[in-house]
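Following: one structure in structure tokens, then a few remarks.
The values are calculated or read from the model by the stated rules, or taken from the named source; none is laboratory data. Note that the structure is a prediction, hence the values are computed from the model and not measured. Cβ sites come from the backbone with ideal geometry, for glycine too, and all protein chains shown count toward neighbours. The protein model used for the area step is the full one, side chains on, heavy atoms only, and it has no ligands, DNA or RNA in it. Shrake-Rupley method; radii C 1.70, N 1.55, O 1.52, S 1.80 Å.
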Amino acid sequence: MEIVSLIPLDQYEAPSLPTQERMQALVAKLKAMFLARNNTDVIANERASLESLQRLDEMIQEPECEPQVGELDEAAEQWLARPAARGTVLAVITPPCDQSDSFLNWARGSGHLCIAPPVSRSGPVDWARLKTSTSDKIVIVPQLEQWFLRSAEGLDRIRKLMAVLGSARHAIVGCNSFAWAYLAKAIRIDLIAPGPFTFKPMDGERLATWLAQVSQSDPVTETTFRLIGSETALLRDRTNPGVQKFFATLAGRSLGIPSVAWHMWRETLRIDGAYGMTTGSQGAHSQQRANYWVASLEELILPGTYPRELLFALHTLCLHGGMRGADLADNMPETPGAALIPALRGSQFVQEVEGILRIRPEAYPAIRNGLRSSGFPIGAI
């Protein structure tokens with residue numbers, strides 16, 4: 001089966017880094033091996049001050065990736081237009097760090113029946129009522145990873161959910177790559193999902209185009225992004241070799257994932273006094289102007305010798321999505337020590353929002369590489 005706007009999951013290939021950046025990445029990893037004994041997060045350069053990042057949060061909100069929303073519209077239209085075997089689903093696989101919730105927002109606005117995850121991942125579910133409400137309808141289930149926990153009971157919940165979806169006229173499921181890899185191995189969920197499919201990776205050119213669109217959304221203020229130590233305007237001088245290299249590097253380090261690239265892009269922005277945040281206008285009726293300074297891209301490294309307990313915690317967060325600290329501790333293979341949650345909060349890999357611990361999108365490539373080098377099973381993207 002072919003879905004024109006998406007690609008099969010096993011064909012996903014992240015954009016490659018420029019040659020010089022690949023060598024620098026190797027050096028950074030070697031450096032991480034020597035610093036790993038300190039159990040510290042390794043990052044190449046200084047980060048913006050906390051005050052600077054807080055000010056950025058107030059001015060710059062993570063955008064929804066509109067190109068992906070359009071691709072979902074096309075995929076759904078194609079899936080619904082062709083006869084599909086009863087009981088099969090269209091599975092769209094996403095990275096486990098997408099905080100923009102593009103698939104969830106698309107599902108809610110699709111006009112079809114959207115089934116949100118239950119409040120509890122382990123509480124009772126009225127399966128009979130759910131089957132009645134979905135019978136012979138077009139059903140979309142976002143965030144499959146939030147329906148279960150890694151246990152026999154959790155797998156049974158997914159089996160029952162798939163049985164319910166078997167009575168629907170058409171079903172579209174969203175799931176993160178780590179949870180899908182686990183379910184494919186544990187209960188062979190992939191057998192009822194032709195494909196599965198995912199979004200095409202964004203290369204440097206597409207990322208530059210998208211970031212230019214979302215960064216100029218304010219009609220009042222003309223915003224310019226300049227490289228530190230250069231007059232180069234990143235989102236305007238698109239033919240400049242330095243600009244092309246910057247976005248090619250951003251695409252490679254972000255694995256071609258828009259939400260990761262956006263957070264990495266945000267991490268490079270500087271508005272503190274060290275680099276100068278300049279604003280101004282010419283005349284009462286002229287457009288306001290704002291300059292952001294863009295630092296070099298930093299690479300975060302998760303050493304393979306990171307404490308095993310913390311690696312298990314990061315893997316669990318990748319598998320299940322955001323979790324409260326108590327729930328995370330309850331679902332570790334071994335009872336964790338009291339320092340686990342504070343250690344996660346203090347790391348550069350995890351953030352806590354309203355009591356929910358989540359993987360930081362900009363840290364996801366480092367986490368994925370670190371888990372893989374430590375022998376943990378990982379997702380395809």
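Quick rundown of the values:
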quantity: Breaking point among (1) at pLDDT 90 or above; (2) within 21 Å of the chain's Cα centre (by Cα), for Q99; calculated: (1)
quantity: Criterion violated by T132 - all others in (1) β-branched (V, I, T); (2) modelled with pLDDT under 85; (3) open to solvent by 60 Å² or more (accessible area, probe 1.4 Å) satisfied; calculated: (2)
quantity: Answer from E64, E71 - the residue that is charged (D, E, K, R), outside any strand (DSSP E or B), open to solvent by less than 30 Å² (accessible area, probe 1.4 Å) and under 21 Å from L207 (Cβ atoms); calculated: E71
quantity: Pairs where the first residue, in the range 362-381, is charged (D, E, K, R) and the second is open to solvent by 20 Å² or more (accessible area, probe 1.4 Å), C-beta under 8 Å, 6+ apart; calculated: E362/H263; E362/M264; E362/R266; E362/E267; E362/L300; R368/L255; R368/I378; R372/I378
quantity: Condition broken by A184, with the remaining ones in (1) within 23 Å of the chain's Cα centre (by Cα); (2) surrounded by 21 or more Cβ atoms within 10 Å (Cβ to Cβ); (3) assigned to a helix (DSSP H, G or I) satisfied; calculated: (2)
quantity: Residue in the range 80-89 that is under 26 Å from Q351 (Cα atoms) and outside any helix (DSSP H, G or I) present; calculated: no
quantity: Failed item, numbered, when G276 is tested on (1) at pLDDT below 50; (2) closer than 12 Å to P201 by Cβ; (3) among the small types (G, A, S); calculated: (2)
quantity: Contacts under 6 angstrom Cβ, first residue in the range 328-348 being closer than 23 Å to Q146 by Cβ and aliphatic (A, V, I, L, M), partner in a loop (DSSP other than H, G, I, E, B) and open to solvent by less than 80 Å² (accessible area, probe 1.4 Å), 6 or more apart; calculated: A329/P336
quantity: Total residues in the range 364-378, condition under 15 Å from T316 (Cα atoms) and crowded, with 22+ Cβ neighbours inside 10 Å; calculated: 5
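Residue-by-condition table, conditions (1) surrounded by fewer than 14 Cβ atoms within 10 Å (Cβ to Cβ); (2) farther than 19 Å from I381 by Cβ; (3) touching a Ser or Thr at 6+ places or on another chain (Cβ under 7 Å):
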{"position": "A81", "(1), (2), (3)": "yes, yes, no"}
{"position": "V92", "(1), (2), (3)": "no, no, yes"}
{"position": "L104", "(1), (2), (3)": "no, no, no"}
{"position": "G111", "(1), (2), (3)": "yes, yes, no"}
{"position": "C114", "(1), (2), (3)": "no, yes, no"}
{"position": "G123", "(1), (2), (3)": "yes, yes, no"}
{"position": "E145", "(1), (2), (3)": "no, no, no"}
{"position": "S151", "(1), (2), (3)": "yes, yes, no"}
